[in-house]
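Asker: Have a look at this one before I ask anything.
Derivation of every value follows stated rules applied to the coordinates shown; laboratory data play no part. Quick caveat: nothing in here was measured; it's all calculated off a predicted structure. So basically every Cβ, Gly included, is an ideal-geometry build from the backbone, and we count neighbours across all protein chains shown.
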Amino acid sequence: MLTENVKAPDFSLSDKDGKEYSLADFKGKKLILYFYPKDNTAGCSRQAAAFAAAYEEIKSLGAEVVGISKDSSASHSRFADKYSLPFILLSDPELEAIKAYDVWQEKKNYGKVSMGVVRTCYIIDENGVIIKAMPKVKPDTNAAEVIKLLRGE
């Protein structure tokens, strides 16, 4: 897990339409960068829907939302269409950003140990510095917590 007050690692990843994005594309505004395990799973769908519902308010607070998983661009396209997601989803099949942001970790599920993406959210300031690191966030409350932090509550 990366810590607060450190420079966020750069990345260069494609969205659902093949457009490349890097950290520099968000300079000058806050970035809500959230990592999630898999498109179209129960928790990830609830988290994405919550961010979609909160998106206009997050934008009005001067921030942009970007979700990253190791799913393909085609999977992201179907996921975004199914849930009418207004924000960017980036595909990281090579685990470039996932490992750079230290969210590829050992997970235990029903006694089975495997490696996977731990649901994590980072708030990055206008200059690319992590101002809030949120490990193991809950899908249903993550967006509301982000709004409170952006408001300074």
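Asker: Report the residue, chosen from 18, 111, 43, that carries the largest GNM mean-square fluctuation when the chain is represented by alpha-carbon nodes joined by springs under 10 Å.
Answerer: 111
Asker: Output the antiparallel fraction of DSSP beta bridges having both residues in the range 12-151, as a percent to the nearest 5.
Answerer: Details: 20 of 30 bridges.
Antiparallel bridges: around 65 percent, rounded to the nearest 5.
Asker: Please sort 73-79, 1-7, 87-93 by packing, taking for each peptide the average over its residues of neighbouring beta carbons within 10 angstrom, highest first.
Answerer: Most protected by this proxy first, the peptides run 87-93, 73-79, 1-7.
Asker: Helix-only mean residue ellipticity at 222 nm, the chain, DSSP H runs n ≥ 4 weighted -39,500 (n - 2.57), per residue, nearest 500. What is it? Can you show the working numbers first?
Answerer: Details: 4 runs with 45 residues, N = 153.
So the helix-based figure for the chain works out to -9000 deg cm²/dmol.
Asker: Place a label point 7 angstrom from the Cα of residue 140 along the Cα-to-Cβ direction, then list the residues of the range 30-66 whose backbone nitrogen is under 16 Å away.
Answerer: Zone members listed by number: 42-51.
Asker: Moving on. Where Lys and Arg each count +1 and Asp and Glu each count -1, what net charge lies around residue 50 among other residues with Cβ under 14 Å from its Cβ? Don't skip to the answer; put the middle values down first.
Answerer: Working: positive: 46, 119, 138, 148; negative: 56, 57, 140, 145.
That sum, taken over residues with Cβ under 14 Å, equals 0.
Asker: Additional query: Mind listing P(r) for the chain? All alpha-carbon pairs, 5 Å bins, whole percents.
Answerer: The calculated distribution, bin by bin, is 2, 10, 20, 24, 23, 14, 5, 1, 0.
Asker: From Cα pairs below 8 angstrom and at least 6 apart in sequence, can you work out the relative contact order of the chain, rounded to a whole percent?
Answerer: Working: 310 pairs, mean separation 51.5, N = 153.
Normalised by residue count, the contact order of the chain is 34 percent.
Asker: List the residue ranges in the chain for DSSP H helices whose C-alpha atoms run 30 angstrom or more along the long axis and whose Kyte-Doolittle average is 1.0 or above. Please list the in-between numbers first.
Answerer: Numbers: long enough: none.
Helices meeting the span and hydropathy rule in the chain: none at all.
Asker: Additional query: Using 0.36 nm times the number of residues separating residue 102 and residue 78, minus their current alpha carbon distance, what extension gain do you get? Walk me through the numbers on the way to the answer.
Answerer: Numbers: separation 24, 0.36 × 24 = 8.64 nm, distance 2.67 nm.
Extra length from residue 102 to residue 78 when fully extended: 6.0 nm.
Asker: By count of other Cβ within 10 Å, fewest leading, how are 113, 129 ordered? Walk me through the numbers before you get to the answer.
Answerer: On the way: 113 8, 129 13.
Taking fewest neighbouring Cβ atoms as first place, the list is 113, 129.
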